[in-house]
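One structure is given here, and the rest of the page talks about it.
The values are calculated or read from the model by the stated rules, or taken from the named source; none is laboratory data. The model shown is predicted, which means the values in this text are computed figures rather than measured ones. Quick reminder, even Gly has a Cβ in these numbers, built from the backbone with ideal geometry, and neighbours come from all protein chains shown.
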Amino acid sequence: MSSKDTQNKRVETISDLSLKLKQQKAKAIHDHKIRVRLTKSFKRPTYFTAHFMFFLVILVSLVFSLTYFSNRGENTELADVEKSMITKQKTYEKDFISSGHTIKNPNIILNPYKNSPLTALIIFETDEEVSPTVTVLGKDQKTTLKHQFVSSKKHYLPIYGLYANTVNKIRISYETPTKAETHDDNQSIARNGNVVDENSPAKKLERFESEHITDHNGQFAPINQTLNNDIKAQNNTITNDIVETVDREFDIKTEPLPENIPQADILKSDKNSLNSDFYFYSPATKNNKMVAYDINGDVRWYLTTTALWQNTKLNNGHLLVSTERLINPPYYMTGLYEIDLLGKIYAEYSLPGGYHHDYFELPNGNLVVASNNFTEKNDTVEDYIVELDRKTGKIVKQIDLKKILKTEDGKSENWSSYDWFHNNSVYYDKNNNSLILSGRHQDAVVSINYQTEQINWILGDPTNWSSEYQKYFLKPIGDNFEYQWSQHAAKITPEGYLSLFDNGNNKSKNPNYYTPASKSYSRGVLYEIDPAAKTVQQIWQYGKERGSDFYSPYISDVDYLGKNHYLVHSGGIVKTNGESSNQPAGLTKGNNISLLSDTVEIQNNKVIFELQTNTNNYRVEKMDAYAGVNYSQVVAKRLGTLGITEVNEKKQGFITDTEIDQQFLNSHQITIKNEEDRIVVSGFFKREDQVRIGLYRNFYTNYYNVRISKRPYTALCVDIFTEEEKQNGIQITKYINKDGLRGNYSIYLEYNGKLYNTGKYFNAK
């Protein structure tokens, strides 16, 4: 190839490269323009895009609006939240001020927690720590209360045992150190006018100074240092020993008793054998309250809120009583309040199965509680025991008696498949780690090992019990032995005896041999049990000699007060036209019905006290009002849970009908309570009605079935909450817990297939 050809090819190559470069540059420019256009298309929406975005905003807004209004109801209102007792007491305590109050002008608050009218709180401060003594003047020495409080500068003194409709006299006294004058060491010492002994170090110093003046540098001769130290020490001793006694008296005026507080009749009162303890009664009939009487029969304390069942003091001095709220009819309460006599709540313990009849404080501080299993799969009551952790409120142990006993065994007159055992007492025997339970509807007291849940022994007539249980029955020995029937309050005394109240219903398993109420009797009984030999011996009783006048077919109590010292309470004496009844007050029919509670204190087989009231009372506890008193303004704790209410059906979809049928709501007397932890819906319905409660939120409705038919109660231990069937039906109440719920819920009521808006919604946080 010639040099010219080579040169031409090189030129062509260069030309080709230049062309390619121009093409690449043009392509790059084109791509850039495309990217710019694409970017601009996002920054500047097209007509279609703008409309799409607008539609999307409208859609989201619509969905939000539908959700919001459907959750709370477009024309509904928030159901007023009812404050709990704990919430209320926080408000009350804002007035419990000590600053600026002295013993001369104390802050005196009558009924500080609005539920205990015969109590007060006296608040003041002192410059020094003192231990005040409170004296509540009674009508005599035995009814005067006196208590010394711990040393403090801020004093919150609970006053118990006031008389109703009275100007009560309260005395507060204490000793306080007086302020001493300050002096130089070289001066004679005087203490607020007190005479100093001539042989005191101070007087010795005076004499020493007057007799030993020298010219050593124009000053006194050196003084013995030991003597000087003695003087200083005595100065301190004198300061501490010299005290002023403060003694002040105050008047506290109280209101009259309400009409539903029964008056007491004292049939016997041996004051030489009695002390100043009160008799604390728990109610069993409508409108009655927990109340305490003194040995004169005067009311010295009562609660205005409804509290049922057991009412003993805990080891810390607080009372443990039921809450005022039902969890299920006829008398199952939401749980327990730990309170003091002022009515201050220290803790509320809620239980999914509620509380009834009895509890016991274990050595570790936990509570063993008679409860229920209210799950949908279970259809029995009063056969469930739980252990509740006092610190957390959690259930740490559950005992289902259906796994231990046969429900068909040992039937009493009041047995039913629903209430087959009817456990009415719980006692823990620490000596052998066992539970003592009282099954009224099997006429049986059962001891089981608390850990293994195995049966230790059974006390009662073994008639109509399965063969596999016969080996557990105690064999009677000795003279004058009688079985117990429909018993209550089974406990172990410090001597190791089993004490209980033998109601004495029927006195037979065979209906053909039932003892009529007119010939029956109730009694307090002590049994001696040999668990190894499986034997039982009756060693003491009181009540048989009283005949049918002391016969209580239900409730009642026996308490150990000391060796050969007992309190026997026949609390459910019922008569119709003057004749003894074999039925509880709530189930007794007739016009001329009379009720009576008879409480007898017996010491060394001698009656030293007897009190009667014209009503029925579940139990009586004799207690020192000030024993273990420990008032403080700690914030009350809400522990435990009521559990999640089971949803029977969950439906998806909008509820578009928001109309409120006020006529329907009025005719069925629909009421809604929005409590802090649950919703309570009540109304009157006929037995054939099909009723459900619907809670609507976020296109979903939770439906809860409502039982219309009433249970055939056979042992109505308390009839405080019972309602008579009216012309427009039975009053039915549905409790729906907020546990497991979040947000706003509109409340609907489905009645015979039609959905009605109640006009209310609530918030579950």
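Values computed for the structure shown
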| read-out | value |
| --- | --- |
| Single residue of TYR483, TYR472, TYR513 found to be hydroxyl-bearing (Ser, Thr, Tyr), over 12 Å from ALA444 (Cα atoms) and out of contact with any helix residue (DSSP H, G or I) (no Cβ under 8 Å at 6 or more places or on another chain) | TYR513 |
| Residue in the stretch 628-676 that is surrounded by the fewest Cβ atoms within 10 Å (Cβ to Cβ), counting only those that are modelled with pLDDT of 90 or more, over 30 Å from LEU121 (Cα atoms) and acidic (Asp, Glu) | GLU649 |
| Within the stretch 502-522, considering residues that are in contact (Cβ under 8 Å) with a residue 60 or more places away in the chain and of a type in the set (Ser, Thr, Tyr), the one nearest to ASN564 (Cα to Cα) | SER520 |
| Every pair of residues 6+ apart whose Cβ atoms lie under 9 Å, when the first sits in the stretch 485-501 and is assigned by TED's automatic domain parsing to the domain that holds ASN431 while the second is at pLDDT below 95 and assigned to a strand (DSSP E or B) | none |
| Subset of the stretch 390-414 [within 19 Å of the chain's Cα centre (by Cα) and either in contact (Cβ under 8 Å) with a residue 40 or more places away in the chain or assigned to a loop (DSSP other than H, G, I, E, B) (or both)] | ARG390, LYS391, THR392, GLY393, LYS394, ILE395 |
| Qualifying residue in the stretch 677-684 (condition: under 33 Å from the mean Cα position of the chain (by Cα), at pLDDT 90 or above and either assigned by TED's automatic domain parsing to the domain that holds HIS422 or of a type in the set (Ser, Thr, Tyr) (or both)) | yes |
| Test: residue in the stretch 538-545 that is buried (at least 22 other Cβ atoms within 10 Å of the Cβ) and closer than 17 Å to ILE602 by Cα | yes |
| Residue within the stretch 716-729 that is in contact with a His (Cβ under 8 Å, 6 or more places away or on another chain), crowded, with 16+ Cβ neighbours inside 10 Å and not in a strand (DSSP E or B) present | yes |
| Out of ASP383, ASP379, sole residue that is within 23 Å of GLU468 (Cα to Cα) and assigned by TED's automatic domain parsing to the domain that holds PHE501 | ASP383 |
| Residues satisfying the stated conditions in the stretch 272-312, i.e. of a type in the set (Val, Ile, Thr) and within 21 Å of MET85 (Cβ to Cβ) | VAL291, THR304, THR305, THR306, THR312 |
| Within the stretch 756-765, tally of residues that are touching a Lys or Arg at 6+ places or on another chain (Cβ under 9 Å) and more than 20 Å from GLU646 (Cβ to Cβ) | 3 |
| Qualifying positions in the stretch 132-147 - in contact (Cβ under 8 Å) with a residue 12 or more places away in the chain and either loosely packed, with under 13 Cβ neighbours inside 10 Å or within 21 Å of ASN296 (Cα to Cα) (or both) | THR135, VAL136, LEU137, GLY138, LYS139, ASP140, LYS142, THR143, THR144, LEU145, LYS146, HIS147 |
| Segments classed as strands (runs of 3 or more DSSP E), wholly inside the stretch 243-348, with at least 2 members that are without any contact (Cβ under 8 Å) to a residue 40 or more places away in the chain | 319-322, 332-339 |
| Residues of the stretch 422-437 satisfying the condition of being closer than 18 Å to LYS403 by Cα and touching a residue at least 40 places away in the same chain (Cβ under 8 Å) | HIS422, ASN423, VAL426, LEU435, ILE436, LEU437 |
| Residues of the stretch 426-470 satisfying the condition of being of a type in the set (Val, Ile, Thr) and under 20 Å from ASN414 (Cβ atoms) | VAL426, VAL445, VAL446, ILE458, THR463 |
| ILE720 under 18 Å from LEU749 (Cα atoms) and in contact (Cβ under 8 Å) with a residue 12 or more places away in the chain | no |
| Scope the stretch 603-636; condition touching a Gly at 6+ places or on another chain (Cβ under 8 Å) and either outside the structural domain of GLU348 (by TED's automatic domain parsing) or of a type in the set (A, V, I, L, M) (or both); matching residues | LEU611, VAL620, ALA625, ALA627, VAL629 |
| Close pairs from the stretch 584-605: first under 17 Å from LEU716 (Cα atoms), partner of a type in the set (D, E, K, R) and assigned to a loop (DSSP other than H, G, I, E, B), Cβ under 9 Å, at least 6 apart | PRO584/ASP719; ALA585/ASP719; GLY586/LYS286; GLY586/ASP719; LEU587/ASP719 |
| Unique match (being within 20 Å of LEU459 (Cβ to Cβ) and assigned by TED's automatic domain parsing to the domain that holds ASN311) among LYS534, LYS575 | LYS534 |
| Single condition GLU382 does not satisfy, out of (1) surrounded by fewer than 18 Cβ atoms within 10 Å (Cβ to Cβ); (2) acidic (Asp, Glu); (3) touching a strand residue (DSSP E or B) at 6+ places or on another chain (Cβ under 8 Å) | (1) |
| Restricting the stretch 415-429 to residues that are crowded, with 21+ Cβ neighbours inside 10 Å and polar (S, T, N, Q), the residue that is farthest from the chain's Cα centre (by Cα) | ASN423 |
| Pick from the stretch 462-488, criterion assigned to a strand (DSSP E or B) and surrounded by fewer than 14 Cβ atoms within 10 Å (Cβ to Cβ), ranking: nearest to the chain's Cα centre (by Cα) | LYS475 |
| Selection count, the stretch 390-414, where residues are within 30 Å of ALA347 (Cα to Cα) and surrounded by fewer than 17 Cβ atoms within 10 Å (Cβ to Cβ) | 7 |
| Residues being touching a Lys or Arg at 6+ places or on another chain (Cβ under 7 Å), among the polar types (S, T, N, Q) and farther than 25 Å from ASN432 by Cβ - total across the stretch 323-382 | 2 |
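Residue-by-condition table, conditions (1) assigned to a strand (DSSP E or B); (2) among the small types (Gly, Ala, Ser); (3) out of contact with any helix residue (DSSP H, G or I) (no Cβ under 8 Å at 6 or more places or on another chain); (4) farther than 26 Å from GLU408 by Cα:
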position	(1), (2), (3), (4)
ALA490	yes, yes, yes, no
GLU495	no, no, yes, yes
SER499	yes, yes, yes, yes
SER518	no, yes, no, yes
ALA533	no, yes, yes, yes
TRP540	yes, no, yes, yes
ASP549	no, no, yes, yes
VAL558	yes, no, yes, yes
